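J.: The structure follows.
The values are calculated or read from the model by the stated rules, or taken from the named source; none is laboratory data. Because the structure is a prediction, the values reported are computed rather than measured. We place every Cβ from the backbone using ideal geometry, glycine too, and count neighbours over all the protein chains shown. Ligands, DNA and RNA are excluded from the accessible area calculation, which covers all protein heavy atoms including side chains. Shrake-Rupley method; radii C 1.70, N 1.55, O 1.52, S 1.80 Å.
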Amino acid sequence: MSEEDVKDSVLMEKIVSLCKRRGFIFPSSEIYGGINGFWDYGPYGSRMKRAVENLWWHEMVETRDNVEGLDSTIICHPRAWKASGHLDQFSDLMTDCRDCKARFRVDQMEDPTRCSNCGSKNLTEPREFNLMMKTFVGPVFDEEHTAWLRAESCQPIFMDFQSVRVAARQKLPFGIAQIGKAFRNEINPRNFTFRSREFTQMEMEFFCDGEQGMEWFEYWKEQRIRYYREKLGFKDDFFRIYVHEKLAHYAKAAIDIEVKFPFGWGELEGVHHRGTWDLTRHSEFSGEDLQYMDHDNGRRIMPTVIETSVGLDRTILALLSSAYDEDTAATAKEGMDEDVRVVLHLPPLVAPVQVAVLPLSKKLSENAEKLYADLNRHFRAEYDVTGSIGKRYRRQDEIGTPFCVTFDFDSAGDNAVTVRNRDTMEQERVSIDQLRNYLEEAIGI
Ligand code: ATP
């Protein structure tokens, strides 16, 4: 391991440990020793997850007249997965090490002739391993009652295309978006939540005339890049675009938005031009005609699909990775003994707590609580009265709270509070009447 690799793995461990300690993310069913590839989001994690989800939904659905929402079931007709190709093709080649028993995806091994764990050459022949999670619907556990947990949230969008179009009276071009759980029996879940077996996807399928397909592909690519820059605050050196050269036979173009996780670059989102593949397949397998009749020009076409597909869990991990910081210079300023402050520079829009109200003394609780109750109606707020003010700032820094509002002995008299900025640690006196406006502007609401 190079020095850089050691630093990165230490950073990953620090993020994992902070997530556990402060209630962002921890192993599912941990009292039983956990279950590999499954993670629970605690109080701060679930707040943050909800915030990211809402932000995406707002950006992709609520602010657009040409994108509709959908909330479909996780289990759908098993034939859907035949049509999508998942039952026949959604598999990875895997190999086992006979010596140390580790299991690998062949395409992820640096050297497929040697075990990446112990170096042994004693590997099994690569075998196909389907990633679909199986279940049974009904009382009998046999072939006929077999169903599958969806491996991606987009297939129901294709199946419901006509129902949504008709109900929403949409014309081409328009999109359908969905946020929901997906399940994959990943051979080797790893890198914290990056590769999980149960995860949430946020997907949008945009249906258009094939002639405009590439234009829409470019449009959505731009939109998504802008979202990461402007809404999630990703810096240019934190993300990059990977252009696929090897495309599926039906696809016209595909890019991935990759992010610099502590363990290296990894896919966060895919923007894909999928041609007419998905609707054609579902038409074929279901016998339903999924073509679109354009009454303006009398043409009947199979819509082309542009897809944007992002993992919610990977977004959270990306945000935490880019936000984590250990600041050594700043601590003396606030009278703290320790020389490192752990701080998450999270974008205020998605921080689990956007504003913390900290009365300087318990004697000020009554008024401070009133202020907190008021702020809590508009922001994700928290109230903390225990410990020195420096300690309380640190607690908030560690969970990424962008603003701390200190209610002090002058506050009742001058009707003002001190707002402390997480990133600059600067303090500013703000009148309580102006506080909501001040925070809304600073948070970007
Ligand atoms: P990978 O190559 O990393 O396995 P993929 O190309 O199979 O990913 P897609 O099928 O394009 O991924 O899924 C879209 C998005 O869903 C991904 O960009 C990612 O953010 C998320 N995703 C996919 N698999 C997982 C997983 N096992 N755990 C968490 N998120 C995932």
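J.: Could you order peptides 317-323, 221-227 by the average number of other Cβ atoms within 10 Å of their residues, highest first?
T.: Top to bottom by mean Cβ count within 10 Å: 317-323, 221-227.
J.: When only alpha-carbon atoms count, how far does segment 329-443 stretch along each of its three principal axes, as whole angstroms with the largest first?
T.: Sorted from largest, the Cα extents of segment 329-443 read 35, 30, 21 Å.
J.: Which of the pairs Lys14/Lys231; Lys20/Lys391; Lys181/Lys231; Lys20/Lys121 have their Cα atoms more than 27 Å apart in this structure?
T.: Pairs exceeding 27 Å: Lys20/Lys121.
J.: At a 10 angstrom cut-off on C-beta neighbours, averaged per residue, how do the peptides 151-160, 120-129 rank from highest to lowest?
T.: Those peptides, ordered most packed to least, come out 151-160, 120-129.
J.: How large is the charge dipole for the chain, taken about the Cα centre, if only the Cβ atoms of Lys, Arg (+1) and Asp, Glu (-1) carry charge, to the nearest 20 debye?
T.: Value, rounded to 20: 740 debye.
J.: I'd like the FRET efficiency for Asp40 and Ser361, computed as 1/(1 + (r/R0)^6) with the beta carbon distance as r and R0 of 35 Å, rounded to 0.05.
T.: 0.45
J.: Continuing with the same structure: May I ask you to derive the FRET efficiency for Asp237 and Val342 from their Cβ-Cβ distance with R0 = 30 Å, giving the value to the nearest 0.05?
T.: About 0.85, to the nearest 0.05.
J.: A further question follows. On a full-extension model of 0.36 nm per residue, what is the gain between Asp5 and Glu128, subtracting their alpha-carbon distance, rounded to one decimal in nm?
T.: Using 0.36 nm per residue and subtracting the Cα-Cα distance, I get 41.2 nm.
J.: Quickly work out the Lys391-to-Glu144 label distance, labels modelled 7 Å from Cα along the C-beta direction, and quote it in nm with one decimal.
T.: According to this spin-label approximation, the distance is 6.7 nm.
J.: So, in nm, how far is label Thr63 from label Glu440 when the simple model puts each one 7 Å beyond its Cα toward the Cβ?
T.: That separation, rounded to one decimal, is 1.6 nm.
J.: Then there is this: For the pair Lys171 and Cys100, what calculated FRET efficiency results from E = 1/(1 + (r/R0)^6), where r is the Cβ-Cβ distance and R0 = 41 Å, to the nearest 0.05?
T.: The pair Cys100/Lys171 has a calculated efficiency of 0.10.
J.: Multiply the residue gap between Asn376 and Asp423 by 0.36 nm, knock off their C-alpha separation, and tell me the result in nm, one decimal place.
T.: 14.7 nm
J.: So for the chain, taking the charge dipole from beta-carbon charges (+1 Lys/Arg, -1 Asp/Glu), which of Val6, Ile257, Ile443 sits furthest toward the positive end?
T.: Val6
J.: Along the Cα→Cβ direction, 7 angstrom out, place labels at Ala251 and Gln162. What is the inter-label distance in nm?
T.: Computed distance between label sites Ala251 and Gln162 equals 2.8 nm.
J.: To the nearest 10 Å², what's Glu13's accessible area with a 1.4 Å probe?
T.: Accessible surface of Glu13 is approximately 120 Å².
J.: Can you give the helix-only mean residue ellipticity at 222 nm for the chain, where every DSSP H stretch with n ≥ 4 adds -39500 (n - 2.57) and the sum goes over all residues, rounded to the nearest 500 deg cm²/dmol?
T.: -8500 deg cm²/dmol
J.: Moving on. Would you work out what percent of the accessible area of the chain, with all protein chains in place, is carbon or sulfur (probe 1.4 Å)?
T.: Solvent-exposed carbon and sulfur of the chain make up 48 percent of the total.
J.: Something else about it: At 0.36 nm per residue, minus the direct Cα-Cα distance, what do Gln108 and Arg50 gain on full extension? Give it in nm, one decimal, please.
T.: Answer, rounded to one decimal: 17.7 nm.
J.: Relative to the Cα centre, what is the charge dipole magnitude of segment 329-443, using +1 at the beta carbon of each Lys and Arg, -1 at the beta carbon of each Asp and Glu, and rounding to the nearest 20 debye?
T.: For this selection, approximately 260 debye.
J.: Roughly what % antiparallel, to the nearest 5, for the DSSP beta bridges in the chain?
T.: Within the chain, antiparallel bridges account for around 85 percent of the total.
J.: Based on the Kirkwood radius over alpha-carbon pairs, what is the Stokes-Einstein translational diffusion coefficient of the chain at 25 °C with 0.890 mPa s viscosity, in µm²/s?
T.: 100
J.: Rank by packing, highest mean first: peptides 397-410, 253-266, with packing defined as the count of other Cβ atoms within 10 Å averaged across residues.
T.: 397-410, 253-266
J.: Right, another one. Say the dipole of the chain comes from +1 at the beta carbon of Lys and Arg and -1 at that of Asp and Glu; which of Gln162, Ala368, Ile301 then lies farthest toward its positive end?
T.: Ala368
J.: Taking the solvent-accessible surface of protein heavy atoms with a 1.4 Å probe, what is the per residue accessible area of the chain in Å²?
T.: Accessible area per residue: 49 Å².
J.: Treat every Asp and Glu Cβ in segment 253-326 as -1 and every Lys and Arg Cβ as +1, leave all other atoms uncharged, and give the resulting dipole magnitude about the Cα centre to the nearest 20 debye.
T.: Approximately 220 debye in magnitude.
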